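Below is one structure, written out as structure tokens; comments come after it.
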Amino acid sequence: MTDDGIRRSATGIPLPGPERPKRPEWALDEKDFLKDMDSVPLFMNTLPKDADENPLIQALQDLAYDGTPEGTIMQQKEVAENFKNQGNDCFKQGKKFYQDALVFYTNGIEVFCKDDKLNETLYVNRAACNLHFGNYRKVLTDCGHALKLNPKNVKALFRSAKALFALEMFPEAIDCCDHALSSDPDNQAVKDERVKIQTEFDRREKLRLEKELREQRIREKKMRIESALKTRKIRTAATPGFKPDHPHEIQLDQETDQLTVPTFFLYPEHNESDLIQAFNEQDTIGEQLAEIFYEKAPWDPEHKYRPETVQTYFETEDQGGNIGLLKVGLKVKFLTVLTHSKYVLRDGIARLIVVPKEDSQWKKDWLAKYGK
């Protein structure tokens, strides 16, 4: 600035505006501003080595904790209480805000304040959110924490019961309701929940017992049939992976002690068959054929298949697995076939082969397959 009050350049040219004043000694360095800021206790990112000896730093640290542990506890409670209130406000606004409520309750829990009553409420409230979302295991965890703080918390017991019911843990759910009612006998919501749980539990138990009874009867029936087959020395075998294409099974009449066996009568000449659902072991082959051929079969226009014009065979199987063929007379009882030493009742189904008596090229070729 010259004597005439005008600011000029080094060459004397007038410049606009007042001359920039000199920086005071306490001002921060413009070129290394962040470095200088870190030397100010209020803005420090890291504590210096002599932090314990610096009274200003110690004062700021004391201020952050409100001076005493009691002050810290009060602050934590206020923060947790604030989170709880925000969570409650969200929860009251409806299902769309339950996720926000859950976050607030979680934040409140994570404050770890020393107020057990407040923590108890936060856990129970978060359990309500988790119950809505179907997080049943989390509901039980939250309610478990609440019940550790207060074993008589009815809301925690009630929500535990609802979660256990959803998990189909009915006796445990009923137990939670009973504990809740011991603390609050007139709580209608708990009473209604208990009735609902008990009703479903009773229904499931009835179905379970009925199923067990059916399975027990099936096992007993199977054991009786196996015993009857063993007593008669009927050889049996099962084909791995075989599944019958009919619902019929070997039956044992307990009053008469007679077996009936589902039986296929096979007609290889025409690639046809008949299924006899229950061939009684005491009936003869002829009696069964008489019933089958009482009317002419639609695939037998020449009516060649009649009891007196056909021959019946069954396949034999020795211990080495060799297959043979054995003719059966009309007066032979079915039981005689079943108990033959080379007959195998495979997969619970008997098989008898029926062909015409008259000689034909087809019959010669068919018998040749069995070495006859």
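Quick rundown of the values:
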{"item": "Residues of the range 286-325 classified as in contact with a Gly (Cβ under 6 Å, 6 or more places away or on another chain) and not polar (S, T, N, Q), total", "result": "1"}
{"item": "Failed item in (1) modelled with pLDDT of 95 or more; (2) in contact with a helix residue (DSSP H, G or I) (Cβ under 9 Å, 6 or more places away or on another chain), with GLN254 passing the rest", "result": "(1)"}
{"item": "Test set (1) among the acidic types (Asp, Glu); (2) closer than 30 Å to ASN85 by Cβ; (3) touching a helix residue (DSSP H, G or I) at 6+ places or on another chain (Cβ under 9 Å) - GLU205 fails condition number", "result": "(2)"}
{"item": "Sole residue being more than 24 Å from ASP89 (Cα to Cα) and outside the structural domain of GLN76 (by TED's automatic domain parsing), chosen from LEU181, LEU207", "result": "LEU207"}
{"item": "Count of residues meeting criterion [of a type in the set (A, V, I, L, M) and touching a Ser or Thr at 6+ places or on another chain (Cβ under 6 Å)] in the range 296-331", "result": "2"}
{"item": "Residues located in the range 278-331, provided they are assigned to a loop (DSSP other than H, G, I, E, B) and among the charged types (D, E, K, R)", "result": "GLU281, ASP283, GLU295, LYS296, ASP300, GLU302, LYS304, ARG306, ASP318, LYS331"}
{"item": "Within the range 229-271, considering residues that are acidic (Asp, Glu) and within 41 Å of the chain's Cα centre (by Cα), the one nearest to THR316 (Cα to Cα)", "result": "GLU249"}
{"item": "Members of the range 338-352 that are of a type outside the set (Gly, Ala, Ser) and either farther than 20 Å from THR239 by Cα or not in a strand (DSSP E or B) (or both)", "result": "LEU338, THR339, HIS340, LYS342, TYR343, VAL344, ASP347"}
{"item": "Subset tally (residues that are of a type in the set (Gly, Ala, Ser) and surrounded by 23 or more Cβ atoms within 10 Å (Cβ to Cβ)) for the range 102-131", "result": "2"}
{"item": "Inter-residue pairs, beta-carbon under 8 Å, first at pLDDT 95 or above and in the range 198-210, second surrounded by 10 or more Cβ atoms within 10 Å (Cβ to Cβ) and of a type in the set (Val, Ile, Thr), 6+ apart", "result": "GLN198/ILE174; PHE201/ILE174"}
{"item": "Failed item, numbered, when TYR98 is tested on (1) over 22 Å from CYS176 (Cα atoms); (2) out of contact with any Phe, Trp or Tyr (no Cβ under 9 Å at 6 or more places or on another chain); (3) among the aromatic types (Phe, Trp, Tyr)", "result": "(2)"}
{"item": "Which listed residue, of PRO244, PRO171, is in contact (Cβ under 8 Å) with a residue 12 or more places away in the chain, of a type outside the set (Gly, Ala, Ser) and not in a loop (DSSP other than H, G, I, E, B)", "result": "PRO171"}
{"item": "VAL328 surrounded by 14 or more Cβ atoms within 10 Å (Cβ to Cβ) and either within 26 Å of ARG235 (Cα to Cα) or among the charged types (D, E, K, R) (or both)", "result": "yes"}
{"item": "Pair list, Cβ under 6 Å, 6 or more apart: the range 345-357 residue within 11 Å of PRO244 (Cβ to Cβ), other residue β-branched (Val, Ile, Thr)", "result": "ASP347/THR239; GLY348/ILE250"}
{"item": "Sole exception among (1) touching a Lys or Arg at 6+ places or on another chain (Cβ under 8 Å); (2) closer than 21 Å to GLN198 by Cα for ALA156, by number", "result": "(1)"}
{"item": "Residue satisfying condition, being more than 24 Å from the chain's Cα centre (by Cα), crowded, with 18+ Cβ neighbours inside 10 Å and not β-branched (Val, Ile, Thr), within set LYS162, LYS155", "result": "LYS155"}
{"item": "Near pairs, Cβ below 9 angstrom, 6+ apart or cross-chain, from the range 271-282 (in contact (Cβ under 8 Å) with a residue 60 or more places away in the chain) to any residue that is aliphatic (A, V, I, L, M)", "result": "PHE279/VAL261; PHE279/ALA350; PHE279/LEU352"}
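The values are calculated or read from the model by the stated rules, or taken from the named source; none is laboratory data. Source: prediction; values computed, not measured. Quick reminder, even Gly has a Cβ in these numbers, built from the backbone with ideal geometry, and neighbours come from all protein chains shown.
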